[in-house]
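Notes for the one structure printed next.
The values are calculated or read from the model by the stated rules, or taken from the named source; none is laboratory data. These figures come from a predicted structure and were not determined experimentally. Every residue, glycine as well, gets a Cβ built from its backbone with ideal geometry; the counts of neighbours run over all protein chains shown. Surface accessibility is based on the protein's heavy atoms, side chains included, excluding ligands, DNA and RNA. Shrake-Rupley method; radii C 1.70, N 1.55, O 1.52, S 1.80 Å.
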Amino acid sequence: MDTQDEVLQRRLSRRDALKLAALVGGAGLVAGPASAAEAALSAFVTESGALQVLDWAGYGNDGGQPMFAQYVKQYPNNKPQFTMMTNEADALAKFHAGFKPDIFRPYVGWTKYFGASGLVQPWDPKLITNFRYLNPFMVKAGQYKGKQYGIPADWGFDKILYRSDKVNAKAKSWGLLFDDRYKGKIAWFDDLGMLVTTGLYLGVKNPWNQTDAELARTQKFLKSKKHLVRLIWSSETNLWEAFGSGELWIAYAWPNDWVQMKKKGLKVVYMSPQEKPIAWVGMLMLLKDSPRPKLAHAYVDAWVSAKSGKWLEDNYGYGHSNTRARPSSADLARVLQIANPKAVGLPNAYLDRDIPRRALYARMWEEVKAA
């Protein structure tokens with residue numbers, strides 16, 4: 001893989017190179033370490049304005065600053081400006097309404113959709129110094145037609161969180177979300193993915209691409225069990241409040257939810273269902289016609305550094321794509337199977353994937369909620 005020094009030399013004219021050489025001490029541009037190249041690129045970048053980032057709550061200036069601290073240090077005059085997204089459908093609606101960020105972070109099941117949409121453009125991995133350290137399995141999952149549309153970032157699982165002092169799980173199964181014994185103590189996740197996990201439980205061959213008959217059966221089952229549910233959560237804060245207060249004993253959950261409930265001193269289990277959990281990987285994407293592509297690459301490089309990755313693992317309880325990042329907690333490392341390079345794939349879990357009839361799934365999930 002080319003070094004960033006080599007990339008710079010290919011992309012800059014001789015006159016520009018001489019200017020940059022003077023900035024970094026002459027020989028540093030040609031033979032110095034990557035830090036010299038980074039300093040040169042920082043000095044040369046002429047892109048202006050704040051980098052526009054569309055991301056989930058908790059990853060901007062509302063707590064996620066350590067994830068992009070390296071970028072802010074490098075480009076203090078182009079600090080990121082954040083807009084929050086609640087899910088990928090919300091991001092898509094914002095795009096259609098005319099919002100044009102530079103970067104956003106959908107999850108792996110949307111890679112094909114956005115890659116084919118014309119809304120995003122591929123990254124140049126040679127401009128991301130940390131790219132070489134990223135999990136190869138996740139890197140491949142971010143590709144569409146051989147191009148790197150997604151840079152893998154955070155990752156984790158959809159599993160079941162339950163109170164071991166309140167719940168007697170008859171089996172390690174998604175069926176615990178539908179257990180009649182715990183009416184009023186169960187939480188589902190507000191996402192069409194509930195049709196996928198329910199499909200897994202019901203034995204559907206391909207839950208991401210169910211036939212009309214299979215979808216009808218899955219939806220009917222969910223409607224029949226909805227009376228057991230106290231909360232259909234979209235905000236983790238709401239889930240933490242309800243679970244932490246004792247209102248909930250069972251929840252469709254992510255790794256950070258397990259971490260937060262352990263911090264509250266609750267006796268909780270983060271269960272891997274026998275039908276297998278669903279794994280996901282956050283994919284940083286570059287919007288087409290972004291006026292700040294170099295800044296965007298620098299921001300992503302900061303996000304996927306080992307330092308940022310360790311902070312994410314230690315504070316949010318999610319895995320990170322940089323294979324050099326390791327959490328301080330042995331329990332978290334065990335739950336995430338951090339040493340397994342294919343933890344998000346079979347035989348451990350099903351990596352989330354494209355849903356060909358996503359609009360139909362979305363409509364049917366809304367009908368479940370309205371039932």
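Structure values in brief
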| quantity | calculated |
| --- | --- |
| Across Lys225/Lys369; Lys112/Lys140; Lys140/Lys172; Lys140/Lys205; Lys145/Lys310; Lys185/Lys369, pairs whose alpha-carbon gap is larger than 20 Å | Lys140/Lys172; Lys140/Lys205; Lys145/Lys310 |
| Unit charges on C-beta of K, R, D, E only; dipole of segment 182-268, Debye | 400 |
| Accessible surface of the chain [probe 1.4 Å, protein heavy atoms]: carbon and sulfur percent | 52 |
| Options Met285, Ala171, Leu222, ranked by Cα towards positive dipole end of the chain, top entry (Cβ charges) | Ala171 |
| Centre separation in Å (Cα based) which lies between segment 167-223 and segment 312-367 | 19 |
| Pairwise label distance in nanometres, Arg181 with Met84, each label 7 Å out on the Cα-Cβ vector | 3.8 |
| Normalised per residue, the volume of the convex hull around the Cα set of segment 37-139 (Å³) | 131 |
| Theoretical gain in end-to-end length, Glu47 to Ala93 [0.36 nm per residue, Cα-Cα removed] | 13.9 nm |
| Restricting segment 142-250 to GluC sites (Glu not before Pro) in coil, as DSSP defines it, with at most 15 other Cβ within 10 Å | Glu247 |
| Charge dipole magnitude, Cβ of K and R +1, D and E -1 - the chain, Cα centre, debye nearest 20 | 600 |
| Charge dipole (debye, nearest 20) of segment 194-346; +1 at Cβ of Lys and Arg, -1 at Cβ of Asp and Glu | 160 |
| Average accessible surface area per residue within the chain, 1.4 Å rolling probe, Å² | 44 |
| Overall Cα dimensions of segment 327-371 - principal axes, largest extent first, Å | 43, 22, 15 |
| Sequence-distant lysines (8 or more away, or on other chains) whose Cα lies within less than 16 Å of Lys307 | Lys73 |
